[in-house]
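The values are calculated or read from the model by the stated rules, or taken from the named source; none is laboratory data. As the structure is a prediction and not an experimental result, all values here were calculated from the model. Glycine also receives a Cβ, built like all others from the backbone with ideal geometry; neighbour counts cover every protein chain displayed.
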Amino acid sequence: MTAGRTYIQRSFTFLGDEGDAQKAGSDETSRQPDGVTLFGPPQPAMEDGQLSFLAPPPGNGSSAIAAADSAAGEPALAWDSLDDLALAVAGCTACRLRGGCTQVVFGEGDPRAMVMFVGEGPGETEDQLGRPFVGRAGQLLDRILTASGFERGEVYIANVVKCRPPGNRQPSPEEAEACLPWLRAQIRLIRPRLVVCLGAAATGILIDPRLRITSARGKWHERNGLRYMPTFHPAALLRDPSKKRAVWEDMKNVRAEYERLRGR
Ligand code: SF4
């Protein structure tokens with residue numbers, strides 16, 4: 001039996017005990033109630049052109065995206081590698097979040113990862129260490145990855161916003177939009193086949209702001225040749241362990257698709 005199939009025989013109970021709910025606290029953001037649309041009133045879903053841009057646009061996300069819309073085809077990125085992009089993001093002051101955080105948390109993982117995970121924003125621990133998902137929610141994500149047959153180092157992990165919102169509040173629509181070009185550039189450089197949206201923020205900004213995480217999760221959503229799987233944010237599992245079963249089912253789905261893409 002391959003390692004990739006072994007995980008299916010496990011139970012979602014590997015995700016921890018019910019006491020996690022009391023321990024959920026100040027790490028990773030994602031404080032939104034389930035099913036709440038984060039990004040304002042309903043808007044049209046993103047089209048192909050909106051996933052492209054020519055140059056570092058933060059500070060004027062809307063106009064940059066609009067400019068990209070008018071561009072024919074897929075314009076070249078201004079950065080050749082994730083390292084180059086990370087340097088650019090480290091100097092970003094495009095929204096007010098930079099003024100209140102310790103450092104930019106760019107993301108980490110395999111730069112050629114087939115599967116990418118996108119959360120909401122850095123929490124306190126992430127802000128201190130400069131790494132995504134290393135607090136309690138991150139530790140739970142590690143357990144989810146392991147149980148699903150993934151090593152943390154073989155996927156890529158990032159967030160919608162790269163700077164910690166004060167008090168771990170949700171990023172505002174303006175902050176999320178200001179940071180979105182960085183996330184899009186990450187996705188274009190990594191070129192994952194599958195993107196797991198951890199929570200409503202990533203689901204709204206990457207798939208459709210009208211989606212509710214409770215109804216969107218567990219289903220594949222295709223956008224511009226990429227397949228997105230929304231599921232609950234690990235912080236939501238810490239607050240409500242009853243969601244663990246749903247995440248387990250979603251991750252089995254992700255793993256099965258990963259195996260299919262790899263021809264196993
Ligand atoms: S959150 Fe994003 S857009 Fe705002 S300052 Fe940080 S890197 Fe720039």
query: In the range 117-164, which residues are under 20 Å from residue 255 (Cβ atoms) and assigned to a loop (DSSP other than H, G, I, E, B)?
result: 133, 148, 149, 150, 151, 155
- prompt: Can you name the condition, by its number, that residue 130 falls short on among (1) more than 9 Å from the ligand (Cβ to nearest atom); (2) touching a residue at least 40 places away in the same chain (Cβ under 8 Å)?
  reply: (2)
- request: Identify the residue in the range 95-113 that is within 14 Å of the chain's Cα centre (by Cα) and assigned to a loop (DSSP other than H, G, I, E, B) and, among all such residues, is farthest from the ligand (Cβ to nearest atom).
  value: 113
query: Of everything in the range 80-94 that's more than 14 Å from the ligand (Cβ to nearest atom) and modelled with pLDDT of 95 or more, which residue is surrounded by the most Cβ atoms within 10 Å (Cβ to Cβ)?
result: 82
message: Go through (1) closer than 23 Å to residue 231 by Cβ; (2) within 14 Å of the ligand (Cβ to nearest atom); (3) not aliphatic (A, V, I, L, M) for residue 166 and report which single condition fails.
response: (1)
task: Could you give me the residue pairs with C-beta distances under 7 Å whose first residue belongs to the range 178-205 and is away from the ligand (no atom under 16 Å from the Cβ) and modelled with pLDDT of 95 or more, whose second residue is small (Gly, Ala, Ser) and part of a strand (DSSP E or B) wherever it lies, and which are 6+ apart or on separate chains?
output: 198/119; 199/119
- request: Grab the helices (runs of 4 or more DSSP H) fully contained in the range 165-253, keeping just those with 3 or more residues being crowded, with 22+ Cβ neighbours inside 10 Å and within 16 Å of the chain's Cα centre (by Cα).
  value: 173-190, 200-206, 234-239
